[in-house]
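Comments concern the structure below.
The values are calculated or read from the model by the stated rules, or taken from the named source; none is laboratory data. As the structure is a prediction and not an experimental result, all values here were calculated from the model. No Cβ is skipped: glycine too gets one built from the backbone with ideal geometry, and neighbour counts run over all protein chains shown.
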Amino acid sequence: MKLKKGALLNYLDFDSVYCLLSLRNGKILSDYFKLLDVHNRNTLNDIQFYHFMHHVTDLKKKEIMMTFDMLDWNASGEIGFEQFYMLVCILLCSEYHVEKNFIFRHSRPVFELLDMDGGRTISPAEFQASGFLFNLKGHALDKILYEFDVSGDEHLNYKEFKMFTMACIDMQEETKKMQKLQVRRTNTPRQERGATNAGVTNTPPDSHSGCSSHTD
Ligand SMILES: [Ca+2]
Ligand SMILES: [Ca+2]
């Protein structure tokens with residue numbers, strides 16, 4: 001999921017540690033919500049929601065409507081500012097690549113969001129259907145379920161989900177380290193890199209012949 005360039009949300013000041021907006025930006029978002037709420041009901045219906053999401057994200061219609069249903073947990077056909085605020089924070093997390101930090105900081109609301117049938121557990125189907133919101137896909141989702149489903153019922157209850165959220169912080173740190181390394185590599189002149197790796201790159205191919213993993 002990505003934000004489209006030029007949308008107002010790109011200009012909001014987002015705290016990527018706590019994954020929240022400042023008070024001032026919260027007020028700007030509240031005024032923006034009032035502009036979208038053309039019927040003056042303090043809510044957005046599914047059509048208004050679809051057009052907003054289509055305008056600011058690259059999500060497909062099916063994903064947009066799925067997101068609406070997740071936010072409209074009591075099936076009233078509308079979402080209020082509280083849900084809208086949470087959605088915007090999720091969108092900004094995706095933009096700042098801190099989705100896992102968001103899951104950790106706001107584990108209870110995220111759990112309730114993903115538990116679409118309100119059964120107090122997250123089923124594999126619920127996880128697969130909603131993973132796109134946090135850029136979690138296929139194999140990664142299976143792995144999470146396999147690792148954190150301690151009770152073995154193939155569902156994540158809140159305690160199991162909480163363990164996953166704590167592991168999320170480690171994953172986020174790992175991603176940051178990888179990104180820094182990538183940036184450093186990109187900024188290091190090629191010659192300099194060649195010099196540091198001279199011992200490896202200049203080794204004649206014959207010297208690797210003793211490595212069994214390549215010869216077997
Ligand atoms: Ca459920
Ligand atoms: Ca379980």
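Only one of these conditions is not met by LYS143: (1) within 16 Å of ligand 1 (Cβ to nearest atom); (2) part of a helix (DSSP H, G or I). Which number is it?
Here LYS143 meets the rest and fails (1).
Identify, from the list GLU160, GLU126, the residue that is within 25 Å of PHE68 (Cβ to Cβ), in contact with a helix residue (DSSP H, G or I) (Cβ under 7 Å, 6 or more places away or on another chain) and of a type in the set (Asp, Glu). It would help to see each step written out before you state the result.
On the way: GLU160 fails: within 25 Å of PHE68 (Cβ to Cβ).
Of GLU160, GLU126, the one residue that is within 25 Å of PHE68 (Cβ to Cβ), in contact with a helix residue (DSSP H, G or I) (Cβ under 7 Å, 6 or more places away or on another chain) and of a type in the set (Asp, Glu) is GLU126.
Taking interchain pairs and intrachain pairs at least six residues apart, which have beta carbon atoms under 6 angstrom, with the first residue in the stretch 107-122 and part of a helix (DSSP H, G or I) and the second more than 8 Å from ligand 1 (Cβ to nearest atom)?
SER107/LYS162; SER107/THR165; VAL110/ILE103; PHE111/TYR158; PHE111/PHE161; LEU113/MET70; LEU114/SER130
Taking ASN101 and the conditions (1) in a helix (DSSP H, G or I); (2) without any contact (Cβ under 8 Å) to a residue 60 or more places away in the chain; (3) within 21 Å of LYS137 (Cα to Cα), which numbered condition does it fall short on, given that it satisfies the others?
(2)
Quick check on the stretch 103-119. Is at least one of its residues more than 16 Å from ligand 1 (Cβ to nearest atom), under 18 Å from the mean Cα position of the chain (by Cα) and either farther than 28 Å from ARG24 by Cβ or of a type in the set (Asp, Glu) (or both)?
The first filter runs over the stretch 103-119 and keeps only residues more than 16 Å from ligand 1 (Cβ to nearest atom), leaving 103-106.
Now restrict to residues that are under 18 Å from the mean Cα position of the chain (by Cα): 103-106.
Cutting the leftovers down to either farther than 28 Å from ARG24 by Cβ or of a type in the set (Asp, Glu) (or both) gives us none.
Within the stretch 103-119 (the criterion being more than 16 Å from ligand 1 (Cβ to nearest atom), under 18 Å from the mean Cα position of the chain (by Cα) and either farther than 28 Å from ARG24 by Cβ or of a type in the set (Asp, Glu) (or both)), the answer is no, since none of the residues qualifies.
Please go through the stretch 74-120 and give me each residue that is within 16 Å of ligand 2 (Cβ to nearest atom) and either touching a strand residue (DSSP E or B) at 6+ places or on another chain (Cβ under 6 Å) or of a type in the set (A, V, I, L, M, F, W, C) (or both), ordered by number.
Once the filter is applied, which keeps residues that are within 16 Å of ligand 2 (Cβ to nearest atom) and either touching a strand residue (DSSP E or B) at 6+ places or on another chain (Cβ under 6 Å) or of a type in the set (A, V, I, L, M, F, W, C) (or both), the stretch 74-120 yields PHE111, LEU114, ASP115.
Counting just the residues of the stretch 150-192 that are outside any helix (DSSP H, G or I) and either of a type in the set (D, E, K, R) or at pLDDT below 80 (or both), which one comes out nearest to GLN128 (Cα to Cα)? Break it down into steps so the answer makes sense when it comes.
The initial filter retains those residues of the stretch 150-192 that are outside any helix (DSSP H, G or I), namely 150-157, 188-189.
Restricting the remaining residues to those that are either of a type in the set (D, E, K, R) or at pLDDT below 80 (or both) gives 153-154, 188-189.
On the way: ASP153: 16, GLU154: 13, THR188: 40, PRO189: 42 Å.
So the residue we want is GLU154.
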